[in-house]
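What follows is a short report on a single structure.
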Amino acid sequence: MQTHARLVIIGAGIVGCSAAYHLARLGWRDIVVIDQGPLFATGGSTSHAPGLVFQTNGSQTMCRMAQYAVKLYGELSLDDQPCFYPVGSLEVAYTPERLRDLHRRRGWGRSWGLHSDVIGPAEARAQLPLLDDSKILGALAVPGDGIAKAVRACEAMARFAQAHGASFYGRTPVTGFETAGGRVTAVLTGQGRIATEQVLLCGGIWGPKVGRLAGVSVPLTPCQHQYVRTTPLRELLGETREVVHPILRHQDKAMYARQVGNSYGVGSYQHTPLLVCPDDIRPHETWVSATEITEKDNNNAFPQPSAISVASVATWDMPSVMPFTPEHFDGPWQDMAEILPTLRGADFAATMNGMFSFTPDGNPVVGEAPNLRGFWVAEAVWVTHGGGVGKAVAELMATGSAEWDMRDCDIDRFEPHAHSAPYVLARGWTQYDEVYDILHPLQQMEQPRPLRTSPFYARQQALGAVFFEGRGWERPQWFESNVETLKRSNVQTFNPRLGWAARCWSPIAGAEHLATREHIALYDMTPLTRCEVAGPGALAFLQHLTTNQLEKPAGSVVYTCMCDERGGVRSDVTVTRLAESEFQVACNGPADIAWLRRHAPEDGRVLVRETTPGTCCVGVWGPRARELVQPLSGDDFSNETFPYFTARRVYIGEVPCMAQRVSYVGELGWEIYTSADYGLRLWDLLWAAGQPLGAIAAGRTAFDALRLEKGYRLWGADMHAEHTPYEAGLGFTVKLDKGDFLGRDALIRAKERGLSRKLCCMVLDDSAHVVLGKEPIWADGQVVGYVSSATYGYSVGKSFAYGYLPIELASAGARVEIEYFGECYGATVAREPLFDPHGARLRS
Ligand code: FAD
């Protein structure tokens with residue numbers, strides 16, 4: 001057993017092996033991979049995944065990682081045995097609603113460059129003859145999907161890594177870690193101590209337990225998942241090939257199926273989620289498996305029909321396998337038999353109740369632990385994404401950034417409550433339960449709520465706020481009390497919304513929109529993540545992390561990008577210089593705070609302190625904003641004394657505040673911050689003073705439409721790490737001459753290269769059509785981009801969308817089409833922003 005290594009990877013499942021493989025390809029040597037089980041059928045989840053790979057996903061990153069995995073597994077082989085069978089897939093529609101949704105899913109595929117088609121029942125049956133086409137309405141067919149041989153792929157990748165200097169050790173459980181100065185320094189195992197500077201945890205369902213040994217939280221819950229293999233099917237007698245049929249999903253009944261030689265494998269998500277506490281997983285020492293050899297030979301661990309009898313399956317014993325519970329499979333089995341009638345004549349030849357991981361939002365957890373340097377995590381990953389996650393985490397470790405934007409998988413994306421056991425369980429439960437459901441992008445989680453409320457919550461409730469949840473916060477979306485405003489407004493004359501665009505929405509938001517433009521509205525901005533960056537090194541530190549010039553007098557406000565090494569927009573933030581060495585940074589979530597902390601110098605010259613909890617903020621916006629705030633304050637809110645993009649400490653009544661003159665809705669006004677204890681008083685003062693002026697409280701639906709009319713970008717939708725500020729139309733925030741900063745070299749190169757694509761505004765021909773986001777954009781019969789944001793703008797009377805277009809199309813007047821649930825809507829590229837292009841209202 002080695003005593004030193006550059007990196008120790010814990011877990012030789014699909015993720016650990018993929019990471020070792022990719023790091024070896026990046027030139028890393030001296031890697032040790034350890035697993036508590038025997039190599040390579042370790043007894044982890046990978047050992048019993050039947051390997052179905054469906055690439056379609058609403059997340060571009062998840063789809064990309066699956067696409068990459070398909071390519072990778074397709075190129076790998078083990079002793080001339082393939083690691084991937086590209087048999088294609090069918091997701092069938094049992095209901096009209098599902099059929100419609102399949103068109104939406106095909107749209108995602110097109111947006112992300114994945115070929116798929118919606119086909120009729122007969123065509124589906126032609127591909128999968130066992131299907132009863134009279135029971136289905138159609139199917140989404142993805143020819144590139146298929147079956148991954150996960151254990152085989154593990155061994156193939158491990159062999160490559162071994163050939164490039166990596167060592168693999170089975171039967172080597174991790175028992176602890178040594179740390180010093182906030183860094184990991186050694187891994188303790190059953191076979192001895194390994195001194196190391198880096199650890200990568202790929203422990204699957206054991207991840208939370210192993211992480212805890214190092215004080216690192218891994219927010220996932222193990223879930224049981226039932227899968228059976230049938231006795232041989234009449235139609236497949238004599239079939240010697242392992243799989244030729246496309247893999248199948250029957251999502252309306254939460255089921256899936258695949259051919260396994262002359263039988264079928266059927267899996268179910270239909271039963272109530274059966275969660276397992278990580279501490280209750282049996283220790284590996286109890287695993288005395290006579291089937292070890294068989295598992296490996298059978299690859300994946302599910303035994304071949306000819307190789308194992310039902311009796312021996314009954315003694316199946318692995319630490320990550322629970323007793324099979326037939327009562328959870330009876331109903332699902334009947335449901336599957338309805339569309340695969342041949343199952344009625346079959347029995348269970350083998351049953352499996354394995355475990356795998358679900359996080360609070362269903363996506364993997366990837367990145368360096370925020371509280372322990374050198375301790376990396378790649379957890380809650382399906383075989384489907386194992387190839388891609390291995391590549392991404394290897395790039396992050398080797399270069400600091402990945403080829404793909406990783407925001408959906410970032411270990412830093414969780415708020416503190418998301419690491420609590422009740423939250424992980426409640427959300428993990430829902431993720432499992434809804435895994436095949438048709439979900440509206442704004443569909444709200446029901447529990448646990450409410451978690452975080454602003455000081456204005458009671459007032460908002462009294463006004464009939466309809467709350468949506470975001471990062472735990474209850475955020476008003478619109479206020480039912482504004483129905484009177486709606487009656488008075490001319491919103492009724494606009495086209496009514498239909499279908500999905502009308503869900504999780506109210507015309508009241510339109511009235512709030514117009515009231516903000518015409519009079520004044522109060523917006524609760526408390527959930528906006530913000531932190532204080534202070535200390536003698538604060539300015540130099542922030543200058544290094546941002547693209548804009550922050551060396552400005554106290555009281556200045558600067559909008560800027562934070563880029564990564566590749567010049568990609570890591571985030572966009574608003575930096576307020578409160579004093580010589582004190583800044584407020586308003587950002588996009590906990591990942592930004594973690595990014596700042598990670599880059600902060602270790603000498604204590606810079607303090608990064610999150611201030612979101614304990615403070616609150618009201619946005620007072622509209623042409624009458626000055627009329628509202630001035631009488632409440634002895635401070636001067638005139639344009640001369642308090643110009644646009646400046647901040648001052650002021651009093652509103654008795655309440656000490658920091659007010660900054662910025663507006664994400666594009667109107668005159670201020671963000672007014674105070675501590676939470678004064679929050680209610682602040683709200684009440686503003687509310688009372690606003691009533692004679694016609695002030696209303698307004699919600700985020702109006703807010704989003706207002707910001708889009710002004711062309712204000714939303715990070716995570718309109719730009720992310722794969723876009724440069726130039727492409728996003730944020731070149732004005734890049735001051736290459738201010739000195740060195742993170743991403744500067746890449747941005748210089750990007751500027752020299754010129755733009756090949758650009759974020760554009762497209763106005764739909766028919767203003768009754770409102771799209772949701774992520775839809776493909778077509779031009780000349782090709783998909784040329786996808787929708788990043790979309791809305792109906794009540795002030796401009798237009799339905800419009802944003803998206804990146806090739807530079808040839810990025811000029812006003814160019815024609816495109818947006819595909820929405822299978823229909824194509826014509827649109828024209830427009831000069832942006834659509835509303836108040838010179839910002840006169842902001843500066844009034
Ligand atoms: P694992 O394969 O579990 O590997 C983790 C490794 O860490 C284990 O080998 C374990 O022994 C080791 N380890 C843990 N603790 C320690 C320690 N203290 N010391 C040393 N080693 C340790 N996914 C798909 O994409 N398609 C499917 O069709 C599919 N079907 C599935 C069906 C079932 C029944 C199940 C259970 C899962 C299925 N999955 C499927 C999910 C998929 O199998 C897993 O998500 C994936 O294999 C997880 O890979 P991993 O490398 O993270 O974890």
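Assuming R0 = 41 Å, can you tell me the calculated FRET efficiency for the pair ARG598 and ALA502, based on Cβ-Cβ distance, to the nearest 0.05?
Between ARG598 and ALA502 the formula returns 0.45.
Once you put a point 7 Å from the Cα of ASP132 and another 7 Å from the Cα of ASP780, both along the Cβ direction, what distance in nm separates them?
4.9
Using a simple spin-label model with points 7 Å from Cα along the Cα→Cβ vector, what separation in nm is obtained for ARG605 and ASP636?
Between ARG605 and ASP636, the label points sit 3.7 nm apart.
Sort SER268, SER89, SER481 by Cβ crowding within 10 Å, fewest neighbours at the top.
Final ranking by Cβ density, sparse to dense: SER481, SER268, SER89.
Please list the three semi-axes, largest first and in whole Å, of the ellipsoid equivalent to the stretch 590-635, using sqrt of 5 times the eigenvalues of its alpha carbon gyration tensor. Walk me through the intermediate numbers first.
Numbers: eigenvalues 259, 34, 18 Å².
Those come to 36, 13, 9 Å.
Using Stokes-Einstein with the Kirkwood hydrodynamic radius over Cα pairs, what translational diffusion coefficient do you get for the chain at 25 °C and a viscosity of 0.890 mPa s, in µm²/s rounded to a whole number?
Numbers: Rh = 28.6 Å.
Estimated diffusion coefficient is 86 µm²/s.
With 10 angstrom as the radius, rank LEU200, LEU685 by how many other C-beta atoms surround their C-beta, starting from the fewest.
On the way: LEU200 27, LEU685 20.
Fewest-to-most ranking of LEU200, LEU685: LEU685, LEU200.
Full-extension gain between GLN2 and LEU237, please, as 0.36 nm times their residue separation minus the C-alpha to C-alpha distance. Present the calculation step by step, with values, prior to reporting the outcome.
Numbers: separation 235, 0.36 × 235 = 84.60 nm, distance 5.04 nm.
Result for the pair: 79.6 nm of gain on full extension.
Below 8 Å between Cα atoms, with a sequence gap of 6+, how large is the relative contact order for the stretch 617-752 in percent?
Worked out over the stretch 617-752, it gives 20 percent.
Please give the charge dipole size of the chain, origin at the Cα centre, charges +1 on K and R Cβ atoms and -1 on D and E Cβ atoms. Round to the nearest 20 debye.
Taking the Cα centre of the chain as origin, the dipole is about 1100 debye.
Hey, got the dipole for the stretch 134-182? About the Cα centre, +1 on K and R Cβ, -1 on D and E Cβ, debye to the nearest 20?
240
Helix-only estimate, please: 222 nm mean residue ellipticity of the chain, summing -39500 (n - 2.57) across DSSP H runs of length 4 or more and dividing by its residues, to the nearest 500. Write out the running numbers ahead of the final one.
Numbers: 20 runs with 205 residues, N = 844.
Taken over the chain, the calculation gives -7000 deg cm²/dmol.
Once you have all Cα-Cα distances for the stretch 124-225, histogram them in 5 Å bins from zero and send the whole-percent values.
2, 9, 13, 14, 13, 13, 9, 6, 6, 6, 5, 3, 1, 0
Stretched out fully, how many nm does the piece from ALA579 to GLU518 gain, at 0.36 nm a residue minus the Cα gap?
18.5 nm
In percent, what relative contact order does the chain have, based on Cα pairs under 8 Å that are 6 or more apart in sequence?
Relative contact order here is 12 percent.
Just tell me the longest site-free run in the chain, where the sites are GluC sites (Glu not before Pro) in a DSSP loop having at most 12 other beta-carbon atoms within 10 Å. Show your work: numbers first, answer last.
Numbers: sites that count: GLU446, GLU580, GLU602, GLU640, GLU654.
Counting only loop sites that pass the neighbour cut-off, the longest clear stretch is 1-445.
By how many nm would the segment from CYS824 to ALA180 grow when fully extended, if each residue of separation counts as 0.36 nm and the alpha-carbon distance is taken off?
Length gained between CYS824 and ALA180: 225.9 nm.
Given a cut-off of under 8 Å on Cα pairs at least six residues apart, what relative contact order in percent is computed for the stretch 1-109?
Values: 86 pairs, mean separation 21.3, N = 109.
Relative contact order of the stretch 1-109: 20 percent.
Give me the base-10 log of I(q)/I(0) for the stretch 595-752 at each q in 0.11, 0.14, 0.18 Å⁻¹, Debye formula, one uniform scatterer per Cα, rounded to two decimals.
Normalising to I(0) and taking log10 leaves -0.62, -0.92, -1.20.
Say the dipole of the chain comes from +1 at the beta carbon of Lys and Arg and -1 at that of Asp and Glu; which of VAL243, GLN660, MET62 then lies farthest toward its positive end?
GLN660
Under 17 Å from a label point 7 Å along Cα→Cβ of ALA554: give me every residue in the stretch 638-653 with its amide N that close.
Residues 646-651 qualify, since their backbone N sits under 17 Å from the label point.
Would you order HIS271, HIS385 from fewest to most other beta-carbon atoms within 10 Å of each residue's own beta-carbon?
Sorted ascending by nearby Cβ count, the order is HIS271, HIS385.
Read the figures in this text as sums done on the coordinates, not as results from a lab. Quantities reported herein were computed from a predicted structural model and do not represent experimental measurements. Note that we place each Cβ from the backbone using ideal geometry, even for glycine, and neighbour counts take in every protein chain shown.
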